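Read the structure below first, then the notes.
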Amino acid sequence: MIWSSLPATAVIIVVFSLVAQVLAASGLSYNGLALTPQMGWDTFNAYALDYDEDILMKNAQRLVDLGLRDLGYNVVILDDAMTEKTRSHDGKLIANATRFPSGLKSISKRFHNMGLQFGVYSSAGRFTCGGYPASLGYEEQDAQWWADLGVDYLKHDNCFNEGQSGNPKLSHDRFAVMSKALNATGRKITYSLCNWGDDKPWEWASTISNSARISGDIYDSFSRPSAGCPCSQDDFYCQIPGYHCNVMNILGKASAIVSKNQPGYWNDLDMLEVGNGGMSYDEYKTHFSMWAIIKSPLIMGNKLDELSPEDYAILINPAVIAINQDPLGSAASRQWRVQEDKKDEYGYGEIQVWSGELANGDHIVAFINGGSGDQVISSTLVEVFDGLRNSPKVQKSWDVYDLWGADTVMSNEVAARILGGESKLSHAEGYFNASRHGFQDAIARNDSRVVGTYAKTVPAKGTLTADIPRHGVALFRLRETSEGKGQKDEL
Ligand code: GAL
């Protein structure tokens, strides 16, 4: 869209409608927070139960130095094992003094001074999964302790829940106690459930929390099955969440419930594995793209001082992050799929087509090649637009912008310089400066570093086609051609 060519009234209407969307969205969040999916970094995937103050401060500093904070990754979550093994004689949690010699208050202050949020972890059970004291029965006391420490975010797990699960009411009521306790502190604390899809939190958790995990723990694999994650990707109501779930498995489980997302409440597909070494470049791109467009929280679970230039360039792709943070908050949905073992007449193995709507009327389209070789994937506009043959959108032509094109993917050379401390993201030549410009602003200005690289135009009733490597993705922003826009404006 060329904004300067639009009449002033049209610009005012678009701006007004964006503001109205944001205001309407804030009404959907139970505590006014997480109007777009949370973004940040968590200790667990890379460090398990073995982290300390040095590790925290080192990674927090990397969030700032690598420009990740300015792109939105602004919460640091201390996962399991942050306290001593027992409570104090009067029942209080005690910060682990060996791991955090300066104390949590000091860490919290330092995070805040760095423009970061302070996140913590507990379980709605007797113990955390790692066997540390947890919050069941101590909700008010623990919530107040965190509020006093300046906590901004709670990840709340499900281990040792003393049998208080098994149906949605039991789970809801148990987590609701903490939700209320957090609110009662008067401090704004994002509340993120981690009950692995147990009792279908997408059916009840939006009124008491900001997000909930939908599956067992992710592991650093694209599609390798594991006995640790026994439910298949088509077990939408999995009873045994497991802990070794691959990307395609979690994606399949998410596909049935994408419509449950809304500003203020998000299906959490679990942490990003990008940077941990278990997947290829294309696989990490697919993982990141899909988490982004389904509106999962984007919480990195890696070692920020060990990132490769390629992985760094994935995590900072501003065009993909902009889709995740789009103010409409509508998750893309799967339009169709061919499974690996059921090749279609053209011989395609596991391919998927996803699409969704964005706040300014653009659309996002993703093609995934989950098959074992390179494939050409095609999808008609009818398929992209929900199979609606008579949709007015099908009758329009669309400019197609590639979100993994030259304008949005940082070169390895520049990425290496930033990782090596010789340059800063904000100074990197020609790169999108998130601290200076917001995503929406950049999109309105048609900045190709956020809108994507123009690839082609698909005519009305046409077909979108892309050549995609094994386990890779094509991610496109579709924008009505100016010709189509003109017609609409005249109506
Ligand atoms: C799991 C949770 C992980 C991590 C771990 C800590 O239940 O899903 O993300 O928090 O506990 O022990």
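How big is the dipole moment of the range 192-321 about its Cα centre under a simple scheme where the beta carbon of each Lys and Arg is +1, that of each Asp and Glu is -1, and everything else is neutral? Debye, nearest 20, please.
Around 340 debye, computed over the range 192-321.
Of Ala212, Leu56, Ile299, which is farthest on the positive side of the dipole of the chain, counting Cα position, with +1 on Lys and Arg Cβ, -1 on Asp and Glu Cβ, and the Cα centre as origin?
Of the listed residues, the answer is Ala212.
Work out the length of the dipole vector of the chain about its Cα centre, built from +1 on the beta-carbon of each Lys and Arg and -1 on the beta-carbon of each Asp and Glu, and round it to the nearest 20 debye.
960
Which of the listed residues, Ser106, Ile94, Cys194, is farthest toward the dipole's positive end in the range 91-213, when Lys, Arg count +1 and Asp, Glu count -1 at the beta-carbon?
Comparing the listed Cα positions along the dipole, Ser106 ranks first.
Please give the helix 139-149 orientation as an angle from the longest Cα principal axis of the chain, in degrees from 0 to 90, rounded to the nearest 10.
With rounding to tens, the tilt is 80 degrees.
Quick one: Karplus J couplings for the range 204-220, per residue in order, coefficients 6.51, -1.76, 1.60, θ = phi - 60°, nearest Hz, x for Gly and Pro?
Computed from phi, the couplings for the range 204-220 are 9, 7, 5, 8, 10, 8, 9, 6, 8, 4, 10, 8, x, 4, 5, 10, 7 Hz.
Mind running the shape call on the range 20-324? Use the C-alpha gyration tensor, a ≥ b ≥ c as the square roots of the eigenvalues: rounded below 1.5 for a/c, prolate if a/b tops b/c, oblate otherwise.
Rounded.
Return the sequence-ordered ³J(HN,Hα) values of the range 367-380 in whole Hz as given by the Karplus equation 6.51 cos²θ - 1.76 cosθ + 1.60 applied to θ = phi - 60°, using x for Gly and Pro.
So the J values, rounded to whole Hz, are 10, 10, 9, x, x, 8, x, 5, 8, 9, 10, 10, 8, 7.
Search the structure for amide H atoms under 5 Å from the amide H of Ser296, placed 1.01 Å from N in the peptide plane, and list their residues when 5 or more places away or on another chain.
Here the answer is none, since no amide H 5 or more places off falls under 5 Å of that of Ser296.
Sort 213-220, 170-177, 298-305 for me by packing, meaning the mean count of neighbouring Cβ atoms within 10 Å per residue, highest on top.
Most protected by this proxy first, the peptides run 213-220, 298-305, 170-177.
When ranked by the protection proxy of mean other Cβ atoms within 10 Å per residue, highest first, what sequence do the peptides 236-242, 450-456 form?
The peptides rank, most packed first, as 450-456, 236-242.
Which of the peptides 49-59, 250-260 is most tightly packed, and how do the rest follow, judged by the mean count of other Cβ atoms within 10 Å per residue?
Per-residue mean Cβ counts within 10 Å order the peptides as 250-260, 49-59.
Where a Cα-Cα gap under 21 Å defines reach, which lysines qualify for Lys393, not counting those fewer than 8 residues away within the same chain?
Straight-distance partners of Lys393: Lys456, Lys461, Lys485, Lys488.
Considering amide H positions built from the backbone, and no H for Pro or chain starts, which residues 5 or more places from Arg213, or on another chain, come under 5 Å of its amide H?
Leu193, Cys194, Asn195, Trp196, Gly197, Asp268
Which entries of Lys109/Lys424; Lys285/Lys343; Lys180/Lys253; Lys303/Lys424 have Cα-Cα distances beyond 22 Å here?
Too far apart for the 22 Å limit: Lys109/Lys424; Lys285/Lys343; Lys180/Lys253.
Using the Cβ atoms and a cut-off under 15 Å, what net charge is assigned to the surroundings of Arg449, where Lys and Arg are +1 and Asp and Glu are -1?
The answer is -3.
Under 1.5 on a/c is rounded, so check that first for the range 364-491, then, if it is not, pick prolate when a/b is larger than b/c and oblate when it is not; a ≥ b ≥ c are the square roots of the alpha carbon gyration tensor eigenvalues.
Judged from the Cα gyration tensor, the range 364-491 comes out oblate (a/c at least 1.5, b/c at or above a/b).
I'd like to check one number: the per residue accessible area of the chain, probe 1.4 Å, reported in Å² as a whole number.
39
Quick one: pull the percent of accessible area on the range 333-480 belonging to carbon and sulfur, 1.4 Å probe, ligands and nucleic acids left out.
Ligands and nucleic acids excluded, carbon and sulfur give 47 percent.
How large a share of the accessible area of the range 20-324, in percent, is made up of carbon and sulfur atoms when the probe is 1.4 Å and the other protein chains stay in place?
Ligands and nucleic acids excluded, carbon and sulfur reach 51 percent.
Per the chain: cysteines with no other Cys C-beta under 4.7 angstrom?
Cys194
For Ala455, which sequence-distant residues (separation of 5 or more, or a different chain) have an amide H within less than 5 Å of its own amide H, given hydrogens modelled in the peptide plane?
Val400, Tyr401, Asp402
In debye, nearest 20, what is the charge dipole magnitude of the range 333-480 about its Cα centre with +1 on Lys and Arg Cβ and -1 on Asp and Glu Cβ, if you could check?
320
The values are calculated or read from the model by the stated rules, or taken from the named source; none is laboratory data. Note that the coordinates shown come from a computational prediction; the quantities given were computed from them, not determined experimentally. Counting neighbours? That spans all protein chains shown, and the Cβs are built from the backbone with ideal geometry, glycine included. Calculation scope for accessible area: heavy atoms of the full protein, side chains included, ligands and nucleic acids excluded. Shrake-Rupley method; radii C 1.70, N 1.55, O 1.52, S 1.80 Å.
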